[in-house]
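Enquirer: Got a structure for you, questions after.
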Amino acid sequence: MKVSKRAQQVPPSATIAVTARAQELKSQGVDVVGFGAGEPDFDTPDYIKNAAIDALKAGQTKYTPAAGIPKLRAVIAEKLKRENGLDYKPEQIVVNIGGKHSVYEAMQAVLDPGDEVILPAPYWVTYPETIKLAGATAKIIQTDKGAGYKITPAQLKKTITKKTAMLVINSPNNPGGFTYTPDELKALAKVIEGTDVIVMSDEIYEKLIYGDTKFISFAALSPDAYNRTLTLNGFSKTFSMTGWRLGYTAGPLDVIKAMARLQDHMTSNPVTFAQYAAIAAYGPQADEAVEKMRIEFEKRGKYMTDRLNAMEGVECPQATGAFYCFPDVSAHYGRNINGADINGSMDFAKALLEQANVALVPGLPFGCDNNIRLSFATSIEQIKKGLDRLEKWLSE
Ligand code: PMP
């Protein structure tokens, strides 16, 4: 059957081959250590699950307004005021079906064919595809380890053209947990002051920060930043709710209304009883529940970073956010390990999986072939076992 040009231009996920092979090996009884997960390994806290069960029992099983139930939009507005210092009215918030949907819908709502979107690399794999699907072009800014994998104001300035419609900021980021300091963000905000550039600030990892890392919402930087920013967030990472599919976008009323109109026809409302769970999520038990997970991630992230840096030819910035380490392993490129030529992150991931049964994600699809991504959203025992294997394999 005919497949649209639009669909044809979206490639299969470059990481799927490694993931599929890991699953195949597991099904054959091979003891694979998985560092691929993009989701917390904790269960959703009980108080949130109970709210969904109560909602189901109370018959909350019908459509709601497409942009979300008013109470949830109000609760999100309160959260953004209380925790982020942002003044959004409930009408300025649209609840989406996961943060991924927020990204897609925001781009569909503001981008036109011919527009350029500035995308710092390394980036989350979904951004380039959603930019393409909106008919726009990604202008990628390569970062390096010297700059902590963050773009500089000078790089940003140089990349802006008359066609620049959007800048994507994802801090803390996927794939490395790299987090801009408030001053670094202020300097970037200064560069775009007076332009028409919209900022899409994906803040989904805001709660997962470690050490003395500070988080600030881009929209909270200045009145100018507030006016040009779409603030994206969600429940997947903060509350370990990946399967509930709940995200949201806050921003200028005209854009939020446009997103809600698209949502009217694309999906209608997010799952009704899940929305009731989301209201509960931001309740009084939130801080304690989130902190418990954050502390555990911090311990694992520190352990993983230290172990990686102790390995020959591996350079890993200290994990400051999210639940990923993104070390540079390019010192090993050009080697042949047990018969496998290692000429990039794809070769590295494939050979490591086949020979040492450790599954991780190559950096290439994130725009950084020198690196690999390891998730520490798995138990410390698994982390230890996987890193022992990696260390041994690198020394073979
Ligand atoms: N933004 C980033 C940077 C992510 O890493 C993810 C999840 N991988 C999301 C958004 C979307 O998460 P979800 O759709 O589960 O809310």
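Enquirer: Relative to the Cα centre, what is the charge dipole magnitude of segment 238-395, using +1 at the beta carbon of each Lys and Arg, -1 at the beta carbon of each Asp and Glu, and rounding to the nearest 20 debye?
Expert: That gives a dipole near 280 debye.
Enquirer: Something else now. Quick one: 3J(HN,Hα) in Hz for segment 93-100, Karplus 6.51/-1.76/1.60 with θ = phi - 60°, rounded, Gly and Pro as x.
Expert: Values, residue by residue: 10, 10, 8, 10, 8, x, x, 5 Hz.
Enquirer: About the Cα centre of the chain, what is the dipole size in debye to 20, counting +1 per Lys and Arg Cβ and -1 per Asp and Glu Cβ, all else neutral?
Expert: Rounded to the nearest 20 debye, it is 800 debye.
Enquirer: Using only alpha carbon pairs under 8 Å that are at least six residues apart, calculate the relative contact order of segment 113-246 and give it in whole percent.
Expert: So the answer I get is 21 percent.
Enquirer: Based on the alpha-carbon gyration tensor of segment 76-162 and its eigenvalue square roots a ≥ b ≥ c, which shape applies: rounded if a/c is under 1.5, prolate if not and a/b is larger than b/c, or oblate?
Expert: Values: a/c = 2.02, a/b = 1.38, b/c = 1.47.
Taking the square roots of the gyration eigenvalues as a ≥ b ≥ c, segment 76-162 is oblate.
Enquirer: How far apart, in nm, are the 7 Å Cα→Cβ label points at residue 288 and residue 303?
Expert: 2.6
Enquirer: Give the calculated FRET efficiency between residue 196 and residue 56 to the nearest 0.05, with a Förster radius of 41 Å applied to their Cβ-Cβ distance.
Expert: Given R0 = 41 Å and the Cβ-Cβ separation, E is 0.35.
Enquirer: Let me ask something else. Nearest 5 percent is fine: what portion of the DSSP beta bridges confined to the chain is antiparallel?
Expert: Just about 45 percent of them are antiparallel.
Enquirer: Can you compute the FRET efficiency between residue 341 and residue 20 using 1/(1 + (r/R0)^6), with r the Cβ-Cβ distance and R0 = 30 Å? Round to the nearest 0.05. Numbers along the way, then the final one.
Expert: Working: r = 22 Å, r/R0 = 0.72.
The calculated FRET efficiency here is 0.85.
Enquirer: In whole angstrom, and with the biggest value first, how far do the Cα coordinates of the chain range along each principal axis?
Expert: Reported extents, whole Å, longest axis first: 59, 55, 54.
Enquirer: With axes computed from alpha carbons, what is the tilt in degrees of helix 70-84 against the longest principal axis of the chain, rounded to the nearest 10 within 0 to 90?
Expert: 60
Enquirer: Suppose the chain between residue 264 and residue 312 were pulled fully straight at 0.36 nm per residue; how much longer would it get relative to their current alpha carbon spacing?
Expert: Numbers: separation 48, 0.36 × 48 = 17.28 nm, distance 5.36 nm.
Roughly 11.9 nm would be gained on extension.
Enquirer: Let me ask something else. Starting from 0.36 nm per residue, how many nanometres of slack lie between residue 254 and residue 158 once their C-alpha separation is accounted for?
Expert: Length difference between fully extended and current span is 31.6 nm.
Enquirer: If you don't mind, another one. So how far apart, in nm, are the two label points at residue 186 and residue 13 if each is 7 Å from Cα heading toward Cβ?
Expert: 3.9
Enquirer: While we're here: Can you give the angle from 0 to 90° between the axis of helix 182-192 and the longest principal axis of the chain, with both taken from C-alpha atoms, to the nearest 10?
Expert: The helix 182-192 is inclined about 70 degrees to the chain.
Enquirer: Is segment 157-197 best put as rounded, prolate or oblate by its Cα gyration tensor, with a ≥ b ≥ c the root eigenvalues, rounded for a/c under 1.5, and otherwise prolate when a/b is larger than b/c, oblate when not?
Expert: Numbers: a/c = 2.88, a/b = 1.63, b/c = 1.76.
Oblate, because a/c is 1.5 or more while a/b does not exceed b/c.
Enquirer: For helix 345-356, report the angle its Cα long axis makes with the longest principal axis of the Cα atoms of the chain; keep it between 0 and 90° and round to the nearest 10°.
Expert: Orientation of helix 345-356: about 60 degrees from the principal axis.
Enquirer: May I pose another question? Could you derive backbone 3J(HN,Hα) for segment 136-146 from the dihedral phi with the Karplus parameters 6.51, -1.76 and 1.60 (θ = phi - 60°), listing whole Hz in sequence and x where the residue is Gly or Pro?
Expert: 9, 10, 7, 10, 8, 9, 6, 9, 9, 5, x
Enquirer: Specify which residue in the list 136, 226, 23 is farthest towards the positive end of the charge dipole of the chain, using unit charges on the beta carbon of Lys, Arg (+1) and Asp, Glu (-1), about the Cα centre.
Expert: It is 136, whose Cα lies furthest towards the positive end.
Enquirer: For the chain, calculate the relative contact order in percent as a whole number, restricting contacts to Cα pairs under 8 Å that are 6 or more residues apart.
Expert: 24
Enquirer: Which one, 116, 203, 129, has the greatest fluctuation when you compute a Gaussian network model over the chain with C-alpha springs under 10 angstrom?
Expert: The residue with the greatest mean-square fluctuation here is 129.
Enquirer: Where the accessible area of the chain is counted over protein heavy atoms with a 1.4 Å probe, how much of it, in %, is carbon and sulfur?
Expert: That share works out to 54 percent.
Enquirer: Take the alpha carbon atoms of segment 170-209, find their center, do the same for segment 352-380, and report the distance between the two centers in whole angstrom.
Expert: The two parts, judged by their Cα centres, are 25 Å apart.
Enquirer: Could I ask something else about it? Please state the relative contact order of segment 337-396 as a whole percent: Cα pairs under 8 Å, 6+ residues apart?
Expert: Answer for segment 337-396 is 31 percent.
The values are calculated or read from the model by the stated rules, or taken from the named source; none is laboratory data. It should be emphasised that the depicted structure is a prediction, and the values quoted were computed from it without experimental measurement. Note: ideal-geometry Cβ built from the backbone for every residue, glycine included; neighbour counts use all protein chains shown. With ligands, DNA and RNA removed, areas are computed over all heavy atoms of the protein, side chains included. Shrake-Rupley method; radii C 1.70, N 1.55, O 1.52, S 1.80 Å.
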